[in-house]
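Student: Have a look at this one.
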Amino acid sequence: MAFTVRPATQADIPDLARLIVELYQAEMPGVLTGPVEKQIELLRFTLEANGDKAVHHRYVLCNERGMVIGTGMIEFPGNGRFERAPNGTVATAFRTLGVFPALRLFGVVARTLFGVYRHTDPQSALIHTVVVTRSERSNGAGAVLMHALESAIREFGYTRARLQVLAWNTGAQRFYERLGYTTIWRLSGWRVLLSWPSVVMEKALEDCQGGEHVSTMPASSG
């Protein structure tokens with residue numbers, strides 16, 4: 001099956017919101033509750049409120065029909081972080097999800113702050129928010145997306161890629177290990193009691209061998 005990876009555009013935001021909801025459902029089931037369309041509405045708000053930052057260094061994976069089926073984002077040293085809860089998120093969450101689902105979500109988000117990995121290594125870039133829609137998993141799509149993200153990192157002159165994975169997501173860890181990633185950091189100490197245990201994995205990109213063919217196309221300006 002042929003896949004295409006290209007830079008995301010503002011026009012992709014509805015698909016990005018849908019995919020990020022799928023990511024929540026896969027990694028932290030129960031965190032987002034209520035009608036799925038309302039969950040997507042909330043995530044779409046957070047993306048749109050970020051403006052160009054929402055798609056800066058974010059890529060989308062498309063199938064042979066051009067449908068967006070996956071996404072991933074890269075954080076480079078010194079570029080600043082994508083704001084996951086921009087101004088207005090609280091009000092939008094209460095409006096779309098309801099009081100108790102919104103409070104549950106904010107409680108989980110608060111816990112994650114204790115376990116955030118501080119990426120300070122100047123020679124590596126951090127890959128995050130990687131997801132492929134459920135119906136397209138296990139057919140090589142995830143590997144294609146990861147190879148494209150790694151290629152983008154190499155093109156910017158960085159020699160290593162890193163990513164953070166929840167400790168209980170052993171399936172994802174095995175997937176990344178097959179791609180050449182090894183664990184270099186684990187959340188430890190008192191923060192484990194307050195947050196969600198996680199690991200950071202790294203891959204040396206200068207040792208990468210050619211993988212599946214990826215067609216990386218520039219974003220359309222129209």
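Student: Go through segment 146-164 residue by residue and tally those that are farther than 21 Å from Thr183 by Cβ and in contact (Cβ under 8 Å) with a residue 40 or more places away in the chain.
Tutor: Total satisfying the criteria: 5.
Student: Moving on to the next point. I'm trying to understand the selection: among the residues of segment 1-19, which are aliphatic (A, V, I, L, M) and out of contact with any Lys or Arg (no Cβ under 9 Å at 6 or more places or on another chain)?
Tutor: Met1, Ala2, Val5, Ala11, Leu19
Student: Has segment 36-45 got at least one residue that is in contact (Cβ under 8 Å) with a residue 24 or more places away in the chain, part of a loop (DSSP other than H, G, I, E, B) and touching a helix residue (DSSP H, G or I) at 6+ places or on another chain (Cβ under 8 Å)?
Tutor: No - not one qualifying residue is present in segment 36-45.
Student: Consider segment 133-185. How many of its residues are surrounded by 19 or more Cβ atoms within 10 Å (Cβ to Cβ), of a type in the set (Asp, Glu) and farther than 21 Å from Ile69 by Cα?
Tutor: Result for segment 133-185: 0.
Student: Still on this model: Here are some conditions: (1) assigned to a helix (DSSP H, G or I); (2) within 14 Å of the chain's Cα centre (by Cα). Arg95 meets all but one. Which one does it not meet?
Tutor: So the condition that Arg95 fails would be (2).
Student: Out of all the residues in segment 55-84, which are among the aliphatic types (A, V, I, L, M), surrounded by 13 or more Cβ atoms within 10 Å (Cβ to Cβ) and out of contact with any helix residue (DSSP H, G or I) (no Cβ under 7 Å at 6 or more places or on another chain)?
Tutor: Of everything in segment 55-84, just one residue is among the aliphatic types (A, V, I, L, M), surrounded by 13 or more Cβ atoms within 10 Å (Cβ to Cβ) and out of contact with any helix residue (DSSP H, G or I) (no Cβ under 7 Å at 6 or more places or on another chain), namely Met73.
Student: Does Thr129 meet the test of being under 14 Å from the mean Cα position of the chain (by Cα) and surrounded by 19 or more Cβ atoms within 10 Å (Cβ to Cβ)?
Tutor: no
Student: Right, next: Is there any pair linking a residue in segment 120-144 that is within 16 Å of Ala204 (Cα to Cα) to one that is basic (Lys, Arg) and not in a helix (DSSP H, G or I), with Cβ under 6 Å and at least six apart or on different chains, and which?
Tutor: Qualifying pairs under 6 Å: Gln123/Arg160; Ser124/Arg160; Ser124/Arg162; Leu126/Arg162.
Student: Determine which single condition Phe114 fails, assuming it passes every other condition in (1) over 16 Å from the mean Cα position of the chain (by Cα); (2) at pLDDT 90 or above.
Tutor: (2)
Student: What is the number of the single condition among (1) crowded, with 21+ Cβ neighbours inside 10 Å; (2) farther than 15 Å from Val132 by Cα that Lys38 does not meet?
Tutor: With respect to (1) crowded, with 21+ Cβ neighbours inside 10 Å; (2) farther than 15 Å from Val132 by Cα, Lys38 is out only on (1).
Student: Considering only segment 88-107, how many residues are loosely packed, with under 14 Cβ neighbours inside 10 Å and touching a helix residue (DSSP H, G or I) at 6+ places or on another chain (Cβ under 7 Å)?
Tutor: Residues flagged as loosely packed, with under 14 Cβ neighbours inside 10 Å and touching a helix residue (DSSP H, G or I) at 6+ places or on another chain (Cβ under 7 Å) within segment 88-107 amount to 1.
Student: Filter segment 130-145 down to residues that are in contact with a Phe, Trp or Tyr (Cβ under 8 Å, 6 or more places away or on another chain) and within 22 Å of Arg81 (Cβ to Cβ), then give me how many there are.
Tutor: Qualifying residue count, segment 130-145: 1.
Student: Can you tell which of Glu37, Glu22 is among the acidic types (Asp, Glu) and more than 12 Å from the chain's Cα centre (by Cα)?
Tutor: Every option except Glu37 fails the conditions.
Student: Determine which single condition Ala2 fails, assuming it passes every other condition in (1) of a type in the set (A, V, I, L, M); (2) touching an Asp or Glu at 6+ places or on another chain (Cβ under 6 Å); (3) part of a strand (DSSP E or B).
Tutor: The number of the failed condition is (3).
Student: Mind checking whether some residue in segment 58-80 is of a type in the set (Ser, Thr, Tyr), within 29 Å of Glu150 (Cβ to Cβ) and not in a strand (DSSP E or B)?
Tutor: No, segment 58-80 contains no residue that is of a type in the set (Ser, Thr, Tyr), within 29 Å of Glu150 (Cβ to Cβ) and not in a strand (DSSP E or B).
The values are calculated or read from the model by the stated rules, or taken from the named source; none is laboratory data. Predicted, not measured: the structure shown is a model, and the values here were computed from it. With ideal geometry, Cβ positions are generated from the backbone for all residues, glycine too; neighbour counts draw on all protein chains shown.
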